[in-house]
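All remarks here apply to the structure that follows.
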Amino acid sequence: MTEEIIIAGFGGQGVLSMGKILAYSGVMQDKEVSWMPSYGPEMRGGTSNVTVIISDERISSPRINQFDTAIILNQQSMDKFLNTVKPGGLLIYDPNGITEHPTRKDINIYQVPASEEAAKIGIMKLFNMIVLGGFLKIKPIVKPEFIRKGLEKSLPERHHHLIPENEKAIETGKNILKPINVL
Amino acid sequence: MAKELKLMKGNEAIAESAIRAGVDGYFGYPITPQSEVLEHLMIENPVEKTGMVVLQAESETASINMVYAGAACGKKVMTSSSSPGISLMQEGLSYIAGAELPAVVVNVVRGGPGLGTIQPSQADYFQTTKGGGHGDYRLITLAPASVQEMYDFVQLAFDLAFKYRNPAIILSDGMIGQVMEKVVIDDYKPRWTDEYIAKTFPWAAVGKPASRNHNIITSLELDSAKQEQININIQKKYKVCEEKEVRYEMINCEDAEYLFVAYGSSARICQKTIELARAEGIKVGLFRPITLWPFPSKQLKEAAKNVKGILSVEMNAGQMIEDVKLATECRVKAEHFGRYGGMIPDPNEILVALKKQIM
């Protein structure tokens with residue numbers, strides 16, 4: 001199993017930390033992982049993205065240009081990464097702020113209205129965990145117990161009391177997923 | 001304590017390794033994309049754990065001269081920076097090599113020339129392996145291709161620096177510096193005691209006992225005959241280093257008809273290209289120099305015997321290709337493919353280049 005993922009959105013949406021939790025969960029489940037952030041002018045305002053690879057084998061390149069899964073959280077990232085999803089691959093996106101919805105027919109497409117849901121809960125910070133839940137519903141590449149361990153590893157101890165809330169948000173994400181194009 | 005598994009950035013791995021390897025001092029100045037080295041050291045505050053000193057100097061010039069002084073005392077000292085900062089250190093590096101002192105420098109390369117970009121690059125190959133500073137000297141150059149190697153090569157660089165009394169440099173780039181991967185980390189090694197240093201390194205300036213003359217550490221010798229002898233001794237040392245310290249890795253080379261030669265980040269990307277190429281039935285392998293100086297010339301010459309062509313893949317405008325051609329004595333077709341200015345080649349375009357330039 002090798003899963004090559006791009007997560008892309010605005011800086012501040014929790015793109016990098018979502019990737020980190022996923023990567024750490026992979027480590028906990030004894031997988032090979034790599035987490036490669038955009039660290040350029042992007043992180044100084046504007047878009048932000050991270051490539052996460054989780055595999056049973058040694059990972060060749062941490063930088064790749066085609067992905068099994070793209071998790072897209074704004075229009076700029078949609079423009080940049082829609083065509084980098086491998087045929088048969090997966091695109092998950094939050095429809096909030098998306099003006100041009102994807103129309104590719106050769107990939108699986110799901111919406112996860114995470115912004116809306118996070119606003120309902122009243123904690124915008126849970127946004128990225130809701131998105132992560134959506135992804136894990138389609139591709140359960142790491143088991144929930146390891147996600148918990150991943151959360152423990154990647155969150156500072158003073159935030160550990162928030163883990164149940166995060167886990168709940170992941171469950172929420174799994175439940176609100178909306179299929180758009182399923183092969 | 002058993003070995004521990006962590007998820008770390010390459011830059012953090014450098015810093016963590018320095019603490020655990022029993023390094024005495026780090027002197028540095030922040031610059032993207034290597035700032036996490038200094039940041040991690042400041043957060044960990046190793047003076048409380050091992051007594052290691054971490055200091056943000058006023059400039060890169062100051063950093064390298066602090067390293068010069070620490071090294072003169074037989075201490076394990078290091079600095080890190082990125083390309084423009086490393087350029088500022090060249091005078092100091094030449095002095096340290098001239099004075100025959102051990103030191104470790106990390107260059108997390110960014111695109112140049114000039115201030116350039118903060119994105120990854122391998123454009124400092126010439127500077128690192130062919131000089132940079134003035135005079136006939138070499139830097140023992142290690143090129144890590146993973147976060148684990150970033151960690152492991154700190155210890156290795158110190159071992160080599162002390163063995164040859166010469167600066168060793170870890171030549172990384174923004175990609176290996178910024179990526180997070182799994183790392184196995186060791187327990188803390190104690191720093192060397194002053195007694196150990198005095199006993200083990202008779203050249204070190206540790207205070208003069210009555211039994212010997214002053215240790216004078218300098219790179220200045222106005223008597224040309226003496227200066228030539230110093231040079232001869234240094235070159236002898238380099239010959240031994242070239243014989244004994246070459247390191248390299250060969251991947252998928254057993255049946256290879258074509259060869260990529262690439263180091264660091266480029267070597268990782270080439271491994272992805274190999275996956276793509278082999279899926280198409282193209283038999284290509286990777287020769288990865290781990291030491292860029294000494295360059296694995298003999299080994300590459302041997303590996304090149306059975307292939308139809310070589311593509312030297314570098315994030316620069318063609319630098320290592322010169323060493324590839326020298327090593328293979330131009331008996332095999334060898335071409336360069338590169339992206340530069342902070343652009344990272346994608347695995348597909350390397351495959352296209354292989355087909356177009358070599359096949």
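A few remarks follow.
- Rounded to the nearest 5, the antiparallel percentage of DSSP beta bridges internal to the protein assembly as shown is 40%.
- Applied to the range A:21-31, the Karplus parametrisation 6.51 cos²θ - 1.76 cosθ + 1.60 on θ = phi - 60° returns per-residue 3J(HN,Hα) values of 5, 4, 5, 4, 4, x, 4, 4, 8, 6, 8 Hz, with x for Gly and Pro.
- For chain A, the solvent-accessible area works out to 44 Å² per residue, with a probe of 1.4 Å and every protein chain left in place.
- Cα gyration tensor shape for the range B:4-185, rounded if a/c is under 1.5, else prolate or oblate: rounded
- Accessible surface of the range B:249-358 [probe 1.4 Å, protein heavy atoms]: carbon and sulfur percent: 48
- For the chain pair A and B, the buried solvent-accessible surface (1.4 Å probe, both sides summed) amounts to about 2200 Å².
- Rounded accessible area per residue of chain B, 1.4 Å, Å²: 40
- For chain B, size of Cβ-based charge dipole, Lys and Arg +1, Asp and Glu -1, in debye: 760
- Checked against a 24 Å cut-off, the cross-linked pairs A:Lys120/A:Lys178; B:Lys283/B:Lys305; B:Lys130/B:Lys199 give Cα-Cα distances beyond that limit for B:Lys130/B:Lys199.
- Bridge type composition, the range A:55-161 - antiparallel percent by DSSP, nearest 5: 0
- Taking a sphere under 13 Å around the Cβ of B:Arg339 and counting the other residues whose Cβ falls inside, with K and R at +1 and D and E at -1, yields a net charge of -3.
- In this structure, A:Glu152 and B:His214 have a Cβ-Cβ separation that, at R0 = 60 Å, corresponds to a calculated FRET efficiency of about 0.60.
- Label-to-label distance, A:Ile123 versus B:Lys244, with points set 7 angstrom from Cα along the beta-carbon direction: 5.9 nm.
- Residues along the range B:147-189 losing 40 Å² or more of accessible surface when the other protein chains are present rather than the chain by itself (probe 1.4 Å): B:Met175, B:Gln178, B:Val179, B:Met180, B:Lys182
- Per residue, the Cα convex hull of the range B:249-358 amounts to 86 Å³.
- Among A:Ile121, A:Ile109, A:Ile71: highest mean-square fluctuation, GNM of chain A, C-alpha pairs under 10 Å: A:Ile121
- Theoretical FRET efficiency, 1/(1+(r/R0)^6), r = Cβ-Cβ of B:Val184 and B:Lys333, R0 41 Å, to 0.05: 0.55
- The candidates B:Asp152, A:Asp68, A:Asp30, arranged from most to least accessible area with a 1.4 Å probe in the full protein assembly, appear as A:Asp30, B:Asp152, A:Asp68.
- Equivalent ellipsoid semi-axes - Cα gyration tensor, the range B:60-150, angstrom: 21, 15, 13
- Rounded to the nearest 20, the size of the Cβ-charge dipole of the protein assembly as shown about its Cα centre is 520 debye, with Lys and Arg at +1 and Asp and Glu at -1.
- Scalar couplings 3J(HN,Hα) for the range B:118-132, obtained by applying the Karplus form with A = 6.51, B = -1.76, C = 1.60 to θ = phi - 60°, are 9, 7, x, 7, 10, 7, 9, 4, 4, 4, 7, 8, 10, x, x Hz; x denotes Gly and Pro.
- Heavy-atom accessible surface of the range A:2-181: percent carbon and sulfur, 1.4 Å: 51
- Rounded to two decimals, the Cα radius of gyration of chain B over 2.2 N^0.38 Å is 1.00.
- Put simply, the amide H of B:Lys333, placed in the peptide plane, has neighbours under 5 Å in B:Ile310, leaving out anything fewer than 5 places away on its chain.
- Highest-MSF residue in chain B out of B:Lys333, B:Lys226, B:Lys182 [GNM, Cα springs under 10 Å]: B:Lys226
- 5 angstrom amide H check on B:Gln119, placed H, neighbours 5+ away: B:Gly111
- Comparing B:Phe295, B:Asn306, B:Pro209 along the charge dipole axis of the range B:201-342, the residue lying farthest to the positive side is B:Pro209, per the Cβ-charge model.
- Calculated mean residue ellipticity at 222 nm for chain A: -10500 deg cm²/dmol, from DSSP H runs with n ≥ 4 weighted as -39500 (n - 2.57), summed, divided by the residue count and rounded to 500.
- The simple spin-label model puts a point 7 Å past each Cα toward its Cβ; for A:Lys80 and B:Lys355 those points are separated by 2.8 nm.
- Gained length - B:Lys283 relative to B:Lys163, 0.36 nm times residue gap less alpha-carbon distance: 39.2 nm
- Label-point separation in nm, B:Glu254 to A:Lys105, each point 7 Å along Cα→Cβ: 4.5
- With the gyration tensor restricted to C-alpha atoms of the range A:2-181, the semi-axes of the equivalent ellipsoid amount to 22, 20, 16 Å, longest first.
- DSSP finds beta bridges in the range B:200-359, and of those with both partners inside it, around 20 percent are antiparallel.
- Sum of -39500 (n - 2.57) over DSSP H runs of 4+, divided by residues of chain B (222 nm, nearest 500): -12000 deg cm²/dmol
- Residue-span extension gain [B:Glu322 to B:Thr200] - 0.36 nm each, minus C-alpha spacing: 40.0 nm
- Whole-number Å³ per residue for the convex hull built on Cα positions in the protein assembly as shown: 158
- Dipole in debye (nearest 20) - the range A:2-181, about Cα centre, beta carbon charges: Lys, Arg +1; Asp, Glu -1: 100
- Net charge of neighbours whose Cβ lies under 13 Å from the Cβ of B:Lys356, counting Lys and Arg as +1 and Asp and Glu as -1: 0
The values are calculated or read from the model by the stated rules, or taken from the named source; none is laboratory data. Keep in mind that what you see is a predicted model, and the values were worked out from it rather than measured. Glycine gets a Cβ as well: all are built from the backbone with ideal geometry, and neighbour counts include every protein chain shown. Ligands, DNA and RNA are excluded from the accessible area calculation, which covers all protein heavy atoms including side chains. Shrake-Rupley method; radii C 1.70, N 1.55, O 1.52, S 1.80 Å.
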